[in-house]
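Data block below; observations after.
The values are calculated or read from the model by the stated rules, or taken from the named source; none is laboratory data. No experiment lies behind these values; they were computed from the predicted model shown. In this analysis, Cβ positions are derived from the backbone assuming ideal geometry, glycine residues included, and neighbour counts consider all displayed protein chains. The accessibility values were calculated without ligands, DNA or RNA, using every heavy atom of the protein model including side chains. Shrake-Rupley method; radii C 1.70, N 1.55, O 1.52, S 1.80 Å.
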Amino acid sequence: MSLLGAAAIRELAAALDLKPSKSLGQNFVIDSNICTKIVRIAGVTQDDIALEIGPGLGSLTLALLESAASVIAVEIDHRLATALPLTISRYSEHPENLTVIHADALSLEELHIQPTVLVANLPYNVSVPVLLHLLEILPSLNTGVVMVQAEVADRLAAKPGTKEYGIPSLKASWWAQVSGAGSVSRSIFWPVPGVDSKLVSFKRHETPGDDVMRKGVFQLVDAAFAQRRKMLRAALSGIFGSSAKAEAVLIAAGIDPTLRGEALLIDSFCAIYNASQSVK
């Protein structure tokens, strides 16, 4: 198997008369070394079924096929979804290990094959919704590494009390422990993006509750950060009908009503939700 470099990527694009789409967030990886590095950081083994979102022209796909038992690639662009199996047949010794699904990742409801690891260069404009959606619908995803805009990576991996900490950090933590996994140069992409990128890794853990609870907790998280400088008793007053009721729920949950949302872990929002079920 050979991996794709800059010349091969441009050759494949030219053959398709493809111009990268800004609306689809298409920035193709042209450095095979970074593809190998991402797969290594993700710890992909022959026991894994890898899921890739937005495989594009196949540079990361080929690196995944070297390490995983099989790869599921979800591609929204019809031309790329059609061309990818042909490219893999040309460059890989095991093209039969690839399954291509032509779909919007946000529209996926289930997969017949259960992937164990997510490895992807996610489109900047939908990276957080895609990641959260996949964690929700695919409980088989145990680990993963995704490449996203640097600012988004910082938000996903942020800790309480920092300016980056907020809705993405908290919602991702419902399903997984998220950590920063390094930076990547803009020069590895074609076309070169106008922003920096970083890698984010995750490891799934047991969720704090069922889906009904999750929706209630996420509603609290959204309200707490709608105006993030507000104290929780004020920020949650809309949900509970008044700041007095919000304060009573917070006290019952063991939370200081004068704190702001940025001070709390997901477990604290769960405690608020549970208290709200009993405080009249």
- Message: Could you tell me how many of the residues in the stretch 56-69 are crowded, with 24+ Cβ neighbours inside 10 Å, modelled with pLDDT of 95 or more and assigned to a loop (DSSP other than H, G, I, E, B)?
- Response: 1
- Checked against (1) at pLDDT below 95; (2) among the small types (Gly, Ala, Ser); (3) farther than 22 Å from Pro139 by Cα, Ala81 satisfies every condition except (1)
- Task: Those residues that are open to solvent by less than 20 Å² (accessible area, probe 1.4 Å) and at pLDDT 85 or above, I need them from the stretch 13-33; list them, please.
- Result: Ala13, Phe28, Val29
- Message: Condition first: in contact with a Pro (Cβ under 6 Å, 6 or more places away or on another chain) and either in contact (Cβ under 8 Å) with a residue 12 or more places away in the chain or not in a strand (DSSP E or B) (or both). Can you find one or more residues in the stretch 144-152 that meet it?
- Response: no
- Task: Give Val200, Val249 a once-over and let me know the one that is modelled with pLDDT of 95 or more and either of a type in the set (Lys, Arg) or closer than 22 Å to Val152 by Cβ (or both).
- Result: Val200
- Message: I'd like the residue in the stretch 220-267 that is under 23 Å from the mean Cα position of the chain (by Cα) and without any contact (Cβ under 8 Å) to a residue 24 or more places away in the chain and, out of all such residues, is least open to solvent (accessible area, probe 1.4 Å).
- Response: Ala223
- Item | Out of Lys203, Lys215, sole residue that is surrounded by fewer than 16 Cβ atoms within 10 Å (Cβ to Cβ), in contact (Cβ under 8 Å) with a residue 60 or more places away in the chain, farther than 28 Å from Leu18 by Cα and not acidic (Asp, Glu) | Lys203
- Query: So which residues in the stretch 80-96 are touching a strand residue (DSSP E or B) at 6+ places or on another chain (Cβ under 7 Å) and open to solvent by less than 40 Å² (accessible area, probe 1.4 Å)?
  - Reply: Ala81, Leu84, Ile88
- Item | Test result for Ala172, closer than 30 Å to Asn33 by Cβ, touching a Leu at 6+ places or on another chain (Cβ under 9 Å) and not in a strand (DSSP E or B) | yes
- Within the stretch 142-169, track down each residue that is among the basic types (Lys, Arg), at pLDDT 95 or above and more than 13 Å from the chain's Cα centre (by Cα). Lys159
- Message: Just the residues that are over 26 Å from the mean Cα position of the chain (by Cα) and without any contact (Cβ under 8 Å) to a residue 24 or more places away in the chain, please, taken from the stretch 16-31.
- Response: Asp17
- Task: Please work out which one of (1) closer than 18 Å to Tyr124 by Cα; (2) open to solvent by 10 Å² or more (accessible area, probe 1.4 Å); (3) hydrophobic (A, V, I, L, M, F, W, C) is the condition Ile38 fails and give its number.
- Result: (2)
- Do we find that Gly180 is outside any loop (DSSP other than H, G, I, E, B), open to solvent by 50 Å² or more (accessible area, probe 1.4 Å) and out of contact with any Asp or Glu (no Cβ under 7 Å at 6 or more places or on another chain) in this structure? yes
- Note on the structure: Within the stretch 45-55, of all residues that are assigned to a loop (DSSP other than H, G, I, E, B) and open to solvent by 20 Å² or more (accessible area, probe 1.4 Å), the one nearest to Gln149 (Cα to Cα) is Gly54
- Are there any pairs, at least 6 apart or on different chains, whose C-beta atoms fall under 9 Å, with the first in the stretch 103-116 and open to solvent by 20 Å² or more (accessible area, probe 1.4 Å) and the second modelled with pLDDT of 95 or more and assigned to a helix (DSSP H, G or I), and if so, which? Ala103/Ala81; Leu106/Pro129; Leu106/Val130; Leu106/His133; Glu109/Ile137; Glu110/Ile137
- Message: Out of the residues in the stretch 268-280 meeting the condition of being in a loop (DSSP other than H, G, I, E, B) and open to solvent by 40 Å² or more (accessible area, probe 1.4 Å), tell me which one is nearest to Ala172 (Cα to Cα).
- Response: Gln277
- Tell me which of these Glu96 doesn't satisfy, since it passes every other one: (1) part of a loop (DSSP other than H, G, I, E, B); (2) of a type in the set (Asp, Glu); (3) farther than 30 Å from Leu232 by Cβ. (1)
